Amino acid sequence: MNALRKSALIMLLGISLPFSALAELPQIDDARVVQPPPGATVAAAYFTVNNSGSEPLEITDVSGQIAKNIELHLSFVENDVARMEQQSSIVVDAGQSLEFRHGSFHVMLMGLNEDLVAGDAFELVLETSAGDLSVAVPVISLEDAMAGDGMKYGTGESMDHMKPADHGTDK
């Protein structure tokens, strides 16, 4: 291969590698936090993590300026008692999606630094095995949450949906 063709090939590889790497970065969709009552000091953030990569994605931490403490959590029912536990990490298998939702995995915001008002947004940063992922989290009203994903607050429905799935947690 002559030097000119070799240089062109190296240049093409250098350009295409970043684009192929971008194709495998995890995507965060449908981020939201439901507006808590005025003066509330806690809230939960929800979203879906889409791992289109060929390797498992491990989420090891979450940070932001919106609250004094921000943690990865899992809610579930055990012996007819609803529980919530902090998770040291959460794994999203290769080629899979994981929904952070009411009654399952979520990001717990404790010691809110300001009231969360529908229409506002804030940033969270997920620390992952693929690097830091910035997530814009809009604040939505309870009415929008009920209409959008059927979170079933106060409807008296069964909480069977709160049983944890096996997603590599430390539970």
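Around the Cα centre of the stretch 58-113, unit charges on the Cβ atoms of Lys, Arg, Asp and Glu (plus for the first two, minus for the last two) sum to a dipole of about 240 debye.
Report the label-to-label distance for Arg83 and Asp29 in nanometres (one decimal), using points 7 Å from each Cα along the Cα→Cβ vector. Here the modelled spin labels are 3.2 nm apart. Taking all protein chains as they are arranged and a probe of 1.4 Å, the heavy atoms of Met110 leave approximately 50 Å² accessible to solvent.
The values are calculated or read from the model by the stated rules, or taken from the named source; none is laboratory data. Predicted model only: the values in this text are computed from it and were never measured. Note: ideal-geometry Cβ built from the backbone for every residue, glycine included; neighbour counts use all protein chains shown. The accessibility values were calculated without ligands, DNA or RNA, using every heavy atom of the protein model including side chains. Shrake-Rupley method; radii C 1.70, N 1.55, O 1.52, S 1.80 Å.
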